1. If you keep only loop residues by DSSP, which trypsin sites (Lys or Arg not before Pro) in region 1-89 have at most 14 other Cβ atoms within 10 Å of their Cβ?
2. Label points 7 Å out from Cα along the Cβ direction at GLU62 and VAL42: separation in nm?
3. With angles folded into 0 to 90 degrees, how steeply does helix 2-13 sit against the dominant principal axis of the chain? Use alpha carbons for both and round to 10.
4. Need the full-extension length gain, LYS91 to GLU31, defined as separation in residues times 0.36 nm minus the C-alpha distance. One decimal, nm.
5. Of the options SER87, MET15, THR52, report the single residue whose Cα projects farthest towards the positive end of the charge dipole of the chain (beta-carbon charges: Lys, Arg +1; Asp, Glu -1).
6. Over 10 Å intervals from 0, what percent of Cα-Cα pairs in the chain sits in each interval?
7. Using Cα atoms only, what is the angle between the long axis of helix 64-77 and the major principal axis of the chain, expressed in degrees (0 to 90) to the nearest 10?
Amino acid sequence: MVNIVENYIALKKNMAALINKSGYKNAYLAEQIGIPAPTFSVKKQRGNWSETEMLQILSIIENEKLNDYFMLELMRSEKDEPRFPVSDLKKEMGW
């Protein structure tokens, strides 16, 4: 479960980069989620999105290219984490 929270924190932290990579304009996204463009810009800069806003934005901008970008960012942030082969997991699970 800790991993889920860590991924959420990373997603929230990377929202501005994901928006930039998406190619959508701030004004368009702001209009789509129902907030003023200046407020959207401030939220983008500060990273203080609500969960609802994040869901709304992601439902518009999400595509395979952005998913790949986010996964790459997650892997970079976890590069110093220990890695274990799948075979070890299977042994532990009794498979």
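1. Details: sites: LYS12, LYS13, LYS21, LYS25, LYS43, LYS44, ARG46, LYS65, ARG76, LYS79, ARG83; in loops: LYS25, LYS79, ARG83.
Filter output for region 1-89: LYS25, LYS79, ARG83.
2. That separation, rounded to one decimal, is 2.8 nm.
3. 30 degrees
4. Working: separation 60, 0.36 × 60 = 21.60 nm, distance 5.13 nm.
In short, 16.5 nm is gained.
5. Working it through, the farthest residue towards the positive pole turns out to be MET15.
6. Once binned at 10 Å, the Cα pair distances of the chain give 14, 41, 25, 13, 7, 1.
7. 60 degrees
Coordinate-derived values only; no laboratory data. Bear in mind that the values here come from a model prediction, so they are computed numbers and not experimental data. Neighbour counts run over all protein chains shown; Cβ positions are idealised from the backbone, glycine included.
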